[in-house]
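*Asks:* Can you read through this structure? Questions will come right after.
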Amino acid sequence: MPEQPRDPLHGITLAQLVEALVAHFGWAELGRQVPIRCFTHEPSLNSSLKFLRRTPWAREKVESLYLFMRREQARQQRAAGKT
């Protein structure tokens, strides 16, 4: 079996991704970062997943924000380790 490419999103479901973003930013900030209706008006995990699964451009924005969040968390951990 061939090895998986170094994809940071490999093995992460869309639900896990959205839950991590909501835990980190909250719905209000997530709606400001990615201004789509499923995050700004009566947000829920189910409505967000339904929209993101059928809207590629929105999913790309959410995935990009998730990767940014992960990079920032890693940067903070490295900085905390140096002090």
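*Asks:* Considering segment 41-54 alone, what residues qualify as being free of Cβ contacts under 8 Å to residues at least 12 places away in the same chain, farther than 13 Å from residue 21 by Cα and not basic (Lys, Arg)?
*Replies:* 41, 42, 46, 47
*Asks:* List pairs: first in segment 58-78 and without any contact (Cβ under 8 Å) to a residue 60 or more places away in the chain and over 16 Å from residue 20 (Cα atoms), second among the hydrophobic types (A, V, I, L, M, F, W, C) and not in a helix (DSSP H, G or I), Cβ under 9 Å, 6+ apart or cross-chain?
*Replies:* Between residues of segment 58-78 that are without any contact (Cβ under 8 Å) to a residue 60 or more places away in the chain and over 16 Å from residue 20 (Cα atoms) and residues that are among the hydrophobic types (A, V, I, L, M, F, W, C) and not in a helix (DSSP H, G or I), the close pairs are 58/34; 58/36.
FYI, it's all coordinate maths here, none of it is from the lab. Values in this document were obtained by computation on a predicted structure and should not be read as measured data. Neighbour counts are summed over all protein chains in view; Cβ atoms, including those assigned to glycine, are modelled from backbone coordinates with ideal geometry.
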